[in-house]
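Scroll down for the structure; my scribbles are underneath it.
We did not get these values from a lab; they are worked out from the coordinates using the rules stated. None of these values were measured; they are calculated from a predicted model. Cβ: placed from backbone, ideal geometry, glycine included. Neighbour counts: every protein chain shown.
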Amino acid sequence: MKTSIIFLLVFFLGSTMAIAYTLPLPDNTVKEEADETQAEANNTRFDLAVYRSRLPAQEILSFYKENLAKAGFRLLTEDKKAKYLYFANPESDERFFILADDTIGDEVYIRVSHWYGNPPDYRDFLSEGGKKDMLGKDLAGIPRYPGAVRLSSLEYGGMQTASYKSDDRKEAIVSFYESRMISSGWKKLSTADSGRRKAVELLRMPGNTNEGATLYFEKKGRFLSILVQEACCGQKGRAISIVEISGVD
C-alpha cells in the first residue's frame, strides 16, 4: 500500500461541511501547518490538516480508535499495513480519514481529512469496476495515459493534482510520460538540478518508495511530478499520481 495514493484517494468522498467535532491530539504531537486547509475535490469541500508526532504510528492509530469511539464514531475501515483509519458518525454522517505516515524522517506525519456525507459517485465508481471516471478534471495540457481511469482531482494551496489507474505495466506508463512530456516541450528534472531543488522537494509526495517511479518536469514556470506505482486499497493495476505547482522562486 502506498500512503501518497491513499491520501489522494480519500478526496473522492464527501459533501457539504457542517459544525465539526474537534479532533483530539495525542501527546508529543504538534500541528504542521498554521491553519487547516480548505480544499476542493470533485466539487466537494474538505478540511485538511497535517500534524507531526514523535509517537509510533500504531500508538497514534490506537489513540484515535479509542477517542473517536467515545465520541460516537464508528470505525469503517482500518488498514494496519498502510496505517490509516476511516471513521463515520452514524448520527451526523461526519467522517474522518486519518493516515499515520511514518515514511519521512524520524517523526510521524498525521494527515487528516474531514468531511460530511458519502455521495454516490464513489460507490458508482466501484460498481463500474473502476471503468468510469470520477468527477473532476485533468490537469491542463498534461496527457492522460491511454485507457487510464481518473480516480480523483484536487486543487488546494496553489497545487493541483490528478490521479489515475491503469492495468498496463509500470515501465510502459513511465516510458509514455518520458516521451510525451519531452516532445511537448517539458524539461525533465532531477533532484540534482540545484536551481529547481525547491520545486522538486515541494512536489515530492510522502510515501514515495523505490517500488514506484517518479518523474519531474518543468515548463514555463510550471513544475510537475508524475508518480507511477502499484494501486492501493485492494485495486489491481498501477496508480498514476500527477502533481503540479506554479510560481516557485
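A Förster radius of 25 Å, combined with the Cβ-Cβ distance separating GLU59 from TYR21, puts the computed FRET efficiency at roughly 0.70. Label positions at MET159 and LYS188, each projected 7 Å from the Cα along the C-beta direction, are separated by 2.4 nm.
Between LYS70 and ARG52, the simple spin-label model (points 7 angstrom out along Cα→Cβ) gives 2.7 nm. Applying 1/(1 + (r/R0)^6) with r as the Cβ-Cβ distance of SER179 and GLU230 and R0 = 35 angstrom yields a FRET efficiency of 0.95.
Protection proxy ranking of 85-94, 137-146, by the mean of other Cβ atoms within 10 Å over each peptide's residues and highest first, is 85-94, 137-146.
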